[in-house]
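Single-structure report; data block below.
Computed from the coordinates by the stated procedures, all read-outs in this text should not be read as laboratory data. Here the structure is a predicted model, which means the values were calculated and not measured. Here Cβ is always computed from backbone atoms with ideal geometry, including for glycine, and neighbour counts include all displayed protein chains.
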Amino acid sequence: MMPFTLESTSDATLRLFLKRVRTHDLMAFLQRCTPEAVERVLLQLSDRSREFMRTAHWGADAPERVVRAEALLERCAAGNESCIFCAILAGKAPASFIYRDDSVAAFMDLYPVTPGHLLIIPTAHAASLSKVDPTVAAHIMELAQRLGRAVSASSLGCDGFNLFLANGGAAGQDIFHAHLHILPRFHGDGFGFRFPGHYPREAERELLDQQAAHLRAQLEE
Ligand SMILES: [Zn+2]
């Protein structure tokens, strides 16, 4: 048995945990759980994620991933997730600021993927993009435009840049205060998205029309 059991976790805590945990941490964590506990977790996931989890090759045990997942579950249960970005904004943790006003701030990423990698955040805590005030979200994008120009014109001398925003653990979000990455890119820098095996394959128009219709209906709700 693992030190912190899923059996004693409420559904609300479990849902929060599943939003925040990274896929590979979850897979390592589930290897330590009873089949009943694994089933309880899988039932909370989307159909697509559940199918992936059931058919994935689960690989060797990864102790550091298990520890990270267990720590996250405990924080979710305790409801006391401390936010490093709020600590930075309050001057309680260091950061190298580029810009700050009443609603947004930009500083260098402590773990840069490429030289010049920076983050733009709302100054009001918001766990995900959907919780950011739309006016502030627009301001974040306007700042991204200006900082993108600055990064390109600076002595960093990048060849291009990506904007990247992860929403949820499955998308790679690990700090639950919404943040937009500006990633300077250099030919041959080794960074990139990994595409699934079937890509690229053109989709059926009927399927795309169906999906668009679902989304239009959802927008109106
Ligand atoms: Zn925060």
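Using the per-residue mean of other Cβ atoms lying within 10 Å as a proxy for protection, in what order, highest first, do the peptides 90-103, 202-215, 165-178 fall?
165-178, 90-103, 202-215
With axes computed from alpha carbons, what is the tilt in degrees of helix 11-20 against the longest principal axis of the chain, rounded to the nearest 10 within 0 to 90?
40
Return, ordered by residue number, the residues of segment 108-132 whose backbone nitrogen is under 19 Å from a label point located 7 Å along Cα→Cβ of residue 100.
So the set is 108-111, 118-126.
Taking a ≥ b ≥ c as the square roots of the Cα gyration tensor eigenvalues, with a/c under 1.5 meaning rounded and otherwise prolate when a/b beats b/c, else oblate, which class fits segment 84-185?
Rounded.
What list do you get for 27, 53 if you sort them by fewest beta carbons within 10 Å?
Lowest count first: 53, 27.
Rounded if a/c is under 1.5, else prolate if a/b is larger than b/c, else oblate: which is segment 6-78, with a ≥ b ≥ c the root eigenvalues of its Cα gyration tensor?
oblate
Would you compute, from DSSP H runs of 4+ residues alone, the mean residue ellipticity of the chain at 222 nm, taking -39500 (n - 2.57) per run and dividing by the full residue count, rounded to the nearest 500?
Mean residue ellipticity, 222 nm, calculated: -13500 deg cm²/dmol.
What residues have an amide H closer than 5 Å to that of residue 98, excluding those fewer than 5 places away on the same chain, when H is modeled at 1.01 Å from N in the peptide plane?
Amide H neighbours of residue 98, under 5 Å, 5+ apart: 106, 107, 108.
Taking amide H positions as placed 1.01 Å from N in the peptide plane, with prolines and chain starts having none, which residues 5 or more places from residue 160, or on another chain, fall under 5 Å of its amide H?
Amide H to amide H, under 5 Å and 5 or more residues apart or across chains, residue 160 pairs with 185.
Isolated Cys in the chain by the 4.7 Å beta carbon test?
That list is 33, 76, 158.
Under 14 Å from a label point 7 Å along Cα→Cβ of residue 124: give me every residue in segment 160-181 with its amide N that close.
Under 14 Å, as judged by backbone N against the label point of residue 124, lie 178 of segment 160-181.
Along the three principal axes, how long is the chain when you take its alpha carbons, biggest first, rounded to the nearest angstrom?
The principal-axis extents, from largest down, are 55, 51, 42 Å.
Any chance you could check the Cα centroid distance between segment 112-143 and segment 27-91 for me, in angstrom?
Cα centroid of segment 112-143 versus Cα centroid of segment 27-91: 25 Å apart.
Residues of segment 193-207 with amide nitrogen under 16 Å from the 7 Å Cα-to-Cβ point of residue 55?
196-199
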